[in-house]
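Here is the structure we will look at.
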Amino acid sequence: MSKLKPTTGPVFIFASGQRCGSTLLQRYLCSNPNMIIWGEHDGVLNHIFDQFDRLLEWNNMFNHQFDTFIKEGYNNFIPNMNPPVASIVAAQTEFVRNMWQSPAKELGRQIWGFKEVLYEVDIALRLKTLFPNAKFIHMTRNIIDCFISLRHE
């Protein structure tokens with residue numbers, strides 16, 4: 001396998017279901033000493049990004065309180081004041097980095113990513129926004145072959 005540059009963005013593998021070959025691809029990519037593809041994690045980003053979306057909605061409703069605080073100080077109505085949108089977006093990126101990139105770097109692996117069967121296009125688009133240099137691989141397999149494979153397991 002050719003040596004990948006450390007500046008390459010994360011690699012995300014989205015599989016359309018169990019027994020599609022994503023684990024085999026994960027193992028192949030992890031054979032590169034500069035790369036680690038973390039395994040499935042029960043689709044937790046669906047829930048985490050939903051919560052960030054809720055925080056962004058909340059911020060949209062009450063961001064005027066932060067603006068008032070900046071302009072006029074603490075002696076105003078500010079109970080729903082939160083950091084600006086840029087901070088919320090940065091927190092999403094940092095969550096993903098801390099969860100998967102930081103442990104990869106601790107292992108000496110500069111290229112990182114994960115595989116998951118429980119994500120749809122909305123998560124891919126969110127990750128692409130957070131990590132513009134990311135690479136995405138979508139894997140699918142004939143459903144009948146998946147069932148046959150399950151029978152043998």
Quiz item: Does Phe52 satisfy being aromatic (Phe, Trp, Tyr), under 14 Å from Leu118 (Cα atoms) and modelled with pLDDT of 95 or more?
Solution: no
Quiz prompt | Count of the stretch 119-142 residues which are assigned to a loop (DSSP other than H, G, I, E, B) and buried (at least 16 other Cβ atoms within 10 Å of the Cβ) | solution = 4
Quiz item: Which of the residues that make up the stretch 28-67 are part of a helix (DSSP H, G or I) and aliphatic (A, V, I, L, M)?
Solution: Leu29, Val44, Leu45, Ile48, Leu55, Leu56, Met61
Exercise. Given the conditions (1) farther than 23 Å from Ile13 by Cα; (2) at pLDDT 95 or above, report the number of the one that Lys105 does not fulfil.
Key: (1)
Practice problem: Return the residue satisfying two criteria in turn: it lies in the stretch 19-49 and is open to solvent by less than 20 Å² (accessible area, probe 1.4 Å) and within 23 Å of Ala90 (Cα to Cα), and of such residues it is nearest to the chain's Cα centre (by Cα). | Solution: Leu45
Quiz prompt | Leading residue by the ranking (farthest from the chain's Cα centre (by Cα)) among those in the stretch 68-111 that are surrounded by fewer than 13 Cβ atoms within 10 Å (Cβ to Cβ), assigned to a helix (DSSP H, G or I) and not small (Gly, Ala, Ser) | solution = Glu72
Quiz item: Looking at the stretch 50-63, is at least one residue in contact (Cβ under 8 Å) with a residue 40 or more places away in the chain and surrounded by 11 or more Cβ atoms within 10 Å (Cβ to Cβ)?
Solution: yes
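The values are calculated or read from the model by the stated rules, or taken from the named source; none is laboratory data. Just so it is clear, the model here is predicted, and its values are computed rather than measured. Please note: Cβ atoms are built from the backbone with ideal geometry, for glycine as well, and neighbour counts cover all protein chains shown. Keep in mind that these areas ignore ligands, DNA and RNA; they rest on the heavy atoms of the full protein, side chains included. Shrake-Rupley method; radii C 1.70, N 1.55, O 1.52, S 1.80 Å.
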